[in-house]
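The structure appears below as structure tokens.
The values are calculated or read from the model by the stated rules, or taken from the named source; none is laboratory data. Note that the structure is predicted; figures quoted are calculated from it, not measured. Glycine gets a Cβ as well: all are built from the backbone with ideal geometry, and neighbour counts include every protein chain shown. SASA here: full protein model, heavy atoms, side chains in, ligands and nucleic acids out. Shrake-Rupley method; radii C 1.70, N 1.55, O 1.52, S 1.80 Å.
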Amino acid sequence: MGSGGEGISGIEGNLPLPRADLLPSQYFLGIEGSANKVGVGIVKYKLERGALAAVKHKARTIWSDREEDQYIILANPRKTYIPPPGQGFLPRDTAWHHQQHIVGLIQLALAEAKITSDQVTCICVTKGPGMGGPLRSCAVAARVLARLWKKPIVPVNHCVAHVEMGRVATKAADPVVLYVSGGNTQVIAYSMRRYRIFGETIDIAVGNCLDRFARLLNLSNDPSPGYNIEQLAKKGRQYVALPYVVKGMDVSFAGLLSFIEKEGLVKLESNMCTAADLCFSLQETIFAMLVEITERAMAHCGQRQVLIVGGVGCNRRLQEMMKAMAVERGGSVCAMDHRYCIDNGGMIAQAGAFAHQYGASFALSDTACTQRFRTDAVEVLWRP
């Protein structure tokens, strides 16, 4: 379990000004449980004097005074369901895990934030995409809180939440975004009130590929398959040629994984390579594919800044490869560690706060979960 408690500062000219009737401070509680992690985050929004004047005059302003006090994560505890080595997490078992921990996490988050339920402005919850059982378990908890505490509720797109958390945490104003996780692989850029998908996987997500590869090698799921692959890859010395599949702006990982199952394991059993060599080769191949399509999106959009979000975004080797490409283009990379890359309640609270501040209103029926919820299906009300 990890928790936040650290300030996340605002972005000059890039964050929404809040509704005047919600001044001067609000607290947003977010619940995330789309996959094997369940988390509850509490974000405080504090309006500074300069921004208050701008609200009164209905104008935007440059954030001033104590910038670190604009958006603050007061609490962000989470729990991870970890299945035995060689196994994945099933929806039913994961949902049961979330149901066991959600109440305790809510209580812990309130205690860490040092606030009461009366101070919460609204409840934010993941609507999708994700696994049906876990999503529904957390949605039920959010609906109960909304009715019990008489608070408004905001359904949040999981992918958009990752992007917004990344923008706030890294101060990336308008980057090209590489979103890489267990269930999603997308290259994204903002245009006309939507996060447009420029490229994506045409079969399985990069995180899914890493998880299934880890099961082939019987690697531990603690703390995560991807992390254990990353550590083992550091010991790799031999590159094993693997299929490199980029189709325009899209990538494919299923064939690569099938090749490893047939050819890679044979080489491993014949002592032609080590497990570390396979881990090293897998990372180098799939990350090169991701860097290629990201660079193409940067060229198309005329952008020089890349933001990496999602659980796989924690990988240091991916960050290194992306940085090398960006620097060659005269740009930079904005990356985060596990606190904000990995699924967490704080990111749901953050995205929900933005929507709520711009007047978005939802009924309980709007919080119905959907396993397929496209990033570009959300109107981003809070960005110009």
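General observations
- Summing Cβ point charges (Lys, Arg +1; Asp, Glu -1) relative to the Cα centre of region 175-338 gives a dipole of roughly 400 debye.
- Extended-chain gain in nm, criterion 0.36 nm per residue less alpha-carbon gap, Tyr244 and Lys150: 28.6 nm
- Phi to ³J(HN,Hα) by Karplus 6.51 cos²θ - 1.76 cosθ + 1.60 over region 84-100, Hz, x for Gly, Pro: x, x, x, 10, x, 9, 8, x, 5, 5, 5, 4, 5, 4, 5, 5, 6
- Zone of Glu261's modelled label, taken as backbone nitrogen in region 217-238 under 18 Å from a point 7 Å along Cα→Cβ: 217-219
- For region 183-199, 3J(HN,Hα) per residue [Karplus equation, 6.51 cos²θ - 1.76 cosθ + 1.60, θ = phi - 60°, Hz, x = Gly/Pro]: x, 9, 9, 9, 9, 10, 9, 8, 7, 6, 6, 9, 8, 7, 8, 8, x
- For Asp203, residues with placed amide H under 5 Å, excluding near neighbours: Phe253
- Note, ³J(HN,Hα) from phi for region 349-358, Karplus 6.51, -1.76, 1.60, rounded to Hz, x at Gly and Pro: 4, 4, 5, x, 4, 4, 4, 5, 5, 9
- Of the trypsin sites (Lys or Arg not before Pro) found in region 275-384, those that fall in a DSSP loop while having at most 10 other beta-carbon atoms within 10 Å are Arg372.
- Inter-part distance where region 349-378 and region 269-335 are each reduced to a Cα centre, Å: 30 Å
- FRET efficiency for Arg215 and Ala324, using Cβ-Cβ distance with R0 set to 25 Å, rounded to 0.05: 0.25
- Value at 222 nm in deg cm²/dmol, rounded to 500, when DSSP H runs of n ≥ 4 in the chain each add -39,500 (n - 2.57): -12500 deg cm²/dmol
- Solvent-accessible surface of protein heavy atoms, probed at 1.4 angstrom with all chains present, puts Ser34, Ser270 in the order Ser270, Ser34, largest first.
- Estimated FRET transfer efficiency when R0 is 41 angstrom, pair Lys235-Ile202 (beta carbons, to 0.05): 0.80
- Once the Cα gyration tensor of the chain is diagonalised, semi-axes √(5λ) in Å: 36, 24, 17
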